[in-house]
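**Q** Before I ask anything, here is the structure I am working with.
The values are calculated or read from the model by the stated rules, or taken from the named source; none is laboratory data. Just so we're clear, the structure is a prediction, and the values are computed from it rather than from any experiment. Cβ sites come from the backbone with ideal geometry, for glycine too, and all protein chains shown count toward neighbours.
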Amino acid sequence: MGFLDELGASVPDSLATDRSGAIPAGLPLAVVRASTVDDVRRTLRLAHRHGVPVVPRGAGTGLAGGAVAGPGEVVLDLSGLSRIVEIDPVDEIAVVEPGVITAELDRAAGAFGLRYAPDPASAEISTIGGNIATNAGGMRCVKHGVTRDSVLGLDVVLADGRLISTGRRTVKGVAGLDLTALFVGSEGTLGVVVGATLRLRPLPALTLTAAAAFDSVVAAAAACSALARARREPSLLELLDGATLNVIDRAQGTDFAERGQALVIAQADGPAAESEIAAIADVLGKEATWTERAVDSESSDRLLFARRMALPSIERFGRALIEDICVPRSRLADAFQGVERIAQAHNVSIYSFAHAGDGNVHPIISYDDSTPQQAVRQAGDDVFALALDLGGTVTGEHGVGLLKRDWLAREAGQDVLDVQNSIKAALDPRGILNPAKGF
């Protein structure tokens, strides 16, 4: 009996690609829609035996091509594993399957006065499994950390179908190597996550917002650096450049660009939120052209509107290549200035906004059918080169996938890649798990 006969999978469909825009050479061999852990184990056992590549997939919201599947590959769709198995309000943990939508877990935790801290922009549509695969971040990560900081333990199916459990349910634990951290961010290349024990955090009793506009992105970045020097601790710190403010105004009928050529939005949460946001506003206000502090949730939402509408506004006027770099916070101004030079050099539109609290910049290259594709590709490459020149990384939260493998080699170096490939070979000796992705 052949592989497909044993597998009993469906014919290929639209699950060949993800939000990255990467187009495979053809349709995958088959799609397996797993609804149980046994489905995953059986699929991998068969694939391992026959040497057939498997591409794990969640909701397909990834931006680096990590879930793209081509000819001869099997898509393993995990969205059917979507149970919130347990929420323990005393130990402040959740046990979930990988297909759980991130925002749905956050809302479920909210019923117990808790929250799931990581908040990627795709939270309403992305899955926990996908977040774990890419070590996703978000606006709250400046204070509460990225996905890895909230993952206590994992259930993982290895390439040969074995099921292992890593980590623990306790906040502390140093027994053995930290295999949980190894699997987080590995983009499905080392094993397939089928369960996760996640750390929850108390909902803050108070969250307050402040915003400030500046006459240049350099001044805005300097103000964000000043917050770090002043040892302020925002729970959210976002920076939008002038190009982004202008496109938001154009799409939404707002007037953000009239207040300045860059906008910083900050939040503070917890029992000391009031004094913290006052101190943050004081630092931001020293060089600002405009400032405002929210007095309630409605005014907070209004101040956050610009950040939430940035990408939808850009996409309203063309396609978007959503890039993701991270630089030292002290080099944030250099990153924004460098991106502006790259846009001018290649005559393309680049809109930049950042999780300024941790130096994570998202330069969005906007293009349409009239834009030379070579210019778009070269601008993207120059953005990655800029990140490395500034002592940063080519990806802060989106992952490597298909699109950044060459740049990872430049960033990490061959010795580091050799170590990573040795780990891959130990866990996946036949090389069937998400081949050509990550490293």
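**Q** Hey, can you tell me all the residues within the stretch 95-117 that are under 17 Å from Gly58 (Cα atoms) and not hydrophobic (A, V, I, L, M, F, W, C)?
**A** Matches in the stretch 95-117: Glu97, Pro98, Gly99, Thr102, Glu104.
**Q** Any idea which of Leu245, Leu240, Leu263 is at pLDDT 95 or above, assigned to a helix (DSSP H, G or I) and either touching a Gly at 6+ places or on another chain (Cβ under 6 Å) or assigned by TED's automatic domain parsing to the domain that holds His362 (or both)?
**A** Only one candidate passes the filter, namely Leu245.
**Q** Right, something else. Just checking, does the stretch 389-412 include any residue being of a type in the set (Lys, Arg), at pLDDT 95 or above and closer than 26 Å to Ala47 by Cβ?
**A** Scanning the stretch 389-412 turns up no residue that is of a type in the set (Lys, Arg), at pLDDT 95 or above and closer than 26 Å to Ala47 by Cβ.
**Q** Among the residues of the stretch 9-31, which ones are farther than 18 Å from Thr189 by Cβ, of a type in the set (A, V, I, L, M, F, W, C) and surrounded by 14 or more Cβ atoms within 10 Å (Cβ to Cβ)?
**A** Across the stretch 9-31, the qualifying residues are Ala9, Leu15, Ala16, Leu27, Leu29, Ala30, Val31.
**Q** Among the listed residues Arg308, Arg250, Arg232, which satisfies the condition of being part of a helix (DSSP H, G or I), free of Cβ contacts under 8 Å to residues at least 60 places away in the same chain and not assigned by TED's automatic domain parsing to the domain that holds Leu63?
**A** Answer to the check: Arg308.
**Q** Which ones in the stretch 90-129 are over 12 Å from Ala196 (Cα atoms) and among the small types (Gly, Ala, Ser)?
**A** Within the stretch 90-129, Ala103, Ala108, Ala109, Gly110, Ala111, Gly113, Ala117, Ala121, Ser122, Ala123, Ser126 qualify.
**Q** What do you reckon, is Asp334 of a type outside the set (Val, Ile, Thr), crowded, with 21+ Cβ neighbours inside 10 Å and either assigned by TED's automatic domain parsing to the domain that holds Leu63 or within 24 Å of Ala223 (Cβ to Cβ) (or both)?
**A** no
**Q** Got a sec? Which of Gly80, Gly153 is part of a strand (DSSP E or B) and at pLDDT 95 or above?
**A** Gly153
**Q** A further question follows. Among the listed residues Val100, Val95, identify the single one that is surrounded by fewer than 19 Cβ atoms within 10 Å (Cβ to Cβ) and assigned by TED's automatic domain parsing to the domain that holds Val184.
**A** Going through Val100, Val95 in turn, just one is surrounded by fewer than 19 Cβ atoms within 10 Å (Cβ to Cβ) and assigned by TED's automatic domain parsing to the domain that holds Val184: Val95.
**Q** Considering each residue of the stretch 15-59, count those that are in contact with a strand residue (DSSP E or B) (Cβ under 9 Å, 6 or more places away or on another chain), among the small types (Gly, Ala, Ser) and not in a strand (DSSP E or B), and give that number.
**A** Summing the residues that are in contact with a strand residue (DSSP E or B) (Cβ under 9 Å, 6 or more places away or on another chain), among the small types (Gly, Ala, Ser) and not in a strand (DSSP E or B) in the stretch 15-59 gives 7.
**Q** Among the residues of the stretch 139-164, count how many are touching a strand residue (DSSP E or B) at 6+ places or on another chain (Cβ under 6 Å) and surrounded by fewer than 17 Cβ atoms within 10 Å (Cβ to Cβ).
**A** Qualifying residue count for the region: 1.
**Q** Something else now. List the residue pairs whose Cβ atoms are under 7 Å apart, where the first residue sits in the stretch 332-348 and is touching a residue at least 12 places away in the same chain (Cβ under 8 Å) and more than 11 Å from Ile365 (Cα to Cα), the second is buried (at least 21 other Cβ atoms within 10 Å of the Cβ) and of a type in the set (Asp, Glu), and the two are 6 or more positions apart or on different chains.
**A** That search, which allows pairs on different chains as well, returns Phe336/Asp241.
**Q** If Phe384 satisfies all but one of (1) assigned by TED's automatic domain parsing to the domain that holds Cys224; (2) more than 18 Å from the chain's Cα centre (by Cα); (3) not in a strand (DSSP E or B), what's the number of the condition it fails?
**A** Unmet condition: (2).
**Q** Another question, then. Take the residues of the stretch 178-196 that are part of a loop (DSSP other than H, G, I, E, B) and β-branched (Val, Ile, Thr): which is nearest to Pro429 (Cα to Cα)?
**A** Checking each candidate, the answer is Thr189.
**Q** Need pairs with beta-carbon distance below 7 Å; first residue crowded, with 18+ Cβ neighbours inside 10 Å and within the stretch 169-195, second among the hydroxyl-bearing types (Ser, Thr, Tyr); sequence gap 6+ or separate chains.
**A** Pairs that qualify, where the first residue is crowded, with 18+ Cβ neighbours inside 10 Å and the partner is among the hydroxyl-bearing types (Ser, Thr, Tyr), are Leu179/Thr166; Thr180/Thr166; Phe183/Thr166; Val184/Thr147; Gly185/Thr134; Glu187/Thr134.
**Q** Which ones in the stretch 276-305 are in a helix (DSSP H, G or I) and more than 18 Å from Ala212 (Cβ to Cβ)?
**A** Ser297, Glu298
**Q** If you go through the stretch 112-122 one residue at a time, do you hit one that is within 16 Å of the chain's Cα centre (by Cα) and among the aromatic types (Phe, Trp, Tyr)?
**A** Within the stretch 112-122 (the criterion being within 16 Å of the chain's Cα centre (by Cα) and among the aromatic types (Phe, Trp, Tyr)), the answer is yes, since at least one residue qualifies.
**Q** Still on this structure, please answer the following. Kindly list the number of the only condition in (1) touching a helix residue (DSSP H, G or I) at 6+ places or on another chain (Cβ under 7 Å); (2) buried (at least 19 other Cβ atoms within 10 Å of the Cβ) that fails for Glu6.
**A** (2)
**Q** What's the number of the condition Lys404 fails, among (1) surrounded by fewer than 17 Cβ atoms within 10 Å (Cβ to Cβ); (2) under 19 Å from the mean Cα position of the chain (by Cα)?
**A** Result: Lys404 passes all but (1).
**Q** Counting only residues that are modelled with pLDDT of 95 or more, give me the helices (runs of 4 or more DSSP H) lying completely in the stretch 96-146 with at least 1 of them.
**A** Per the criteria, 102-110, 128-134.
**Q** Can you pull out the residues in the stretch 348-370 that are under 14 Å from Cys141 (Cα atoms), touching a strand residue (DSSP E or B) at 6+ places or on another chain (Cβ under 6 Å) and assigned to a strand (DSSP E or B)?
**A** Ala354, Asn360, Val361, listed by residue number.
**Q** While we're on this one: Would the stretch 321-331 turn up any residue that is among the β-branched types (Val, Ile, Thr), assigned to a loop (DSSP other than H, G, I, E, B), assigned by TED's automatic domain parsing to the domain that holds Asp241 and at pLDDT below 95?
**A** No, because not a single residue in the stretch 321-331 is among the β-branched types (Val, Ile, Thr), assigned to a loop (DSSP other than H, G, I, E, B), assigned by TED's automatic domain parsing to the domain that holds Asp241 and at pLDDT below 95.
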